[in-house]
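Quick notes on the structure that follows.
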Amino acid sequence: MHSVMAQQPPDVEEDECLPEYRHLFCPDLLQHGCHIVIASRSLPRVSLAAEKLVAATGKQCLPLSMDVRVPAAVMAAVDQALKEFGKIDILINCAAGNFLCPASVLSFNAFKTVVDIDTIGTFNVSRVVYEKFFRDHGGVIVNITATLSFRGQVMQVHAGAAKAAVDAMTRHLAVEWGPQNIRVNSLAPGPISGTEGFRRLGGPQASWRMKTPLSPGQRLGNKTEIAHSVLYLASPLASYVSGILLVVDGGNWMTLPNDIKKLMDFESSSAKL
Ligand code: HXC
């Protein structure tokens, strides 16, 4: 028998929206819901996602093309968002590059690319949003990071180092921008089903079936669970929460296999997609 307190909320496959949603938090938690801006290097991808979000929520969604590594592109995107909606209340930094690769064969440029996207990208967007809106109006930043550096996960030196730096950035900015009424927090998801990250990093499904019983929760997480936790951090429920790292992984990081010999088969499955 499972207690309702650890029950998994509904989810959908891949990049779809839930067909119906029963609110766990009150529906007006963010006052009147949120209009959304989503940005990615690939405009067709975010445009498709925007269509689905508009259909599912009835809110507006502006898709934008932006590479977080290019400050001029970030400035133009933030300008466009402000032109469209007049304000920004919440910034979710979730751009990330990753793949499994042993440090010994990781190219110099591969390490740099992941740090550029994850760490420098997070700084670029945070700084531009601060300058153009948060400094004068306050706001909330949620940085999506990872637990990889906690135990020094094998084949993840690039992503672990990049995300650990983001967690440090979270604390620095929480302290420095707190007086401007800005809260900054990190959220570190575990392995989440139906995501790009899991497709790239999860390895063959069979291996996961063998691995998940080793995790405390005996299962993968789902996207709705991450959404609920981000919503908590972004909302007034967390009004006195700043500078923290919220781990949302069912306790997974403590027991995840971390033996390079056993995990070598994953490497081949994470070849460039
Ligand atoms: C080794 C790789 C590689 C791979 C790319 N590179 N893929 N090295 N294994 N699988 C190397 C390239 O050879 C090149 O180095 C350098 O990285 C840059 O590659 P490019 O393709 O030129 O760069 P770019 O297109 O800018 O970005 C590539 C990318 C990106 C970083 C791989 O496409 C990407 O990661 N996309 C995935 C996005 C994603 O899934 N994000 C979610 C992550 S989830 P050389 O030396 O050849 O020039 C996550 C959660 C972790 O991180 C927690 C889980 C529990």
Lys and Arg at +1, Asp and Glu at -1: neighbours of ALA174 with Cβ under 13 Å from its Cβ sum to 0
In degrees, nearest 10, the alpha-carbon axis of helix 157-177 is tilted away from the dominant principal axis of the alpha carbons of the chain by 30 degrees
Taking ASP118, ASP79 and counting other beta carbon atoms within 10 angstrom, the fewest-first order is ASP79, ASP118
Distance in nm between THR57 and LYS261 label points, each 7 Å along Cα→Cβ, equals 4.9 nm
Nearest 10, in degrees from 0 to 90: the angle of helix 43-57 to the longest Cα principal axis of the chain is 70 degrees
Note: probe point = Cα of GLU20 + 7 Å toward Cβ; backbone nitrogen < 16 Å; residues of the range 31-68 passing the test are 56-57
To the nearest 10 degrees, the tilt of helix 260-269 (Cα long axis) against the first principal axis of the alpha carbons of the chain is 60 degrees
Of ASP116, ASP11, ASP259, the most mobile residue in a GNM of the chain (C-alpha springs, cutoff 10 Å) is ASP259
Neighbours of ALA164 by Cβ distance under 13 Å: Lys/Arg at +1, Asp/Glu at -1, summed charge +1
Per its Cα gyration tensor (rounded if a/c is under 1.5, else prolate when a/b beats b/c, else oblate), the range 1-114 is best filed as oblate
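Where a number appears in this text, it was derived from the coordinates with a stated rule and is not lab data. Quick caveat, the model's predicted, so the values are computed rather than measured. So basically every Cβ, Gly included, is an ideal-geometry build from the backbone, and we count neighbours across all protein chains shown.
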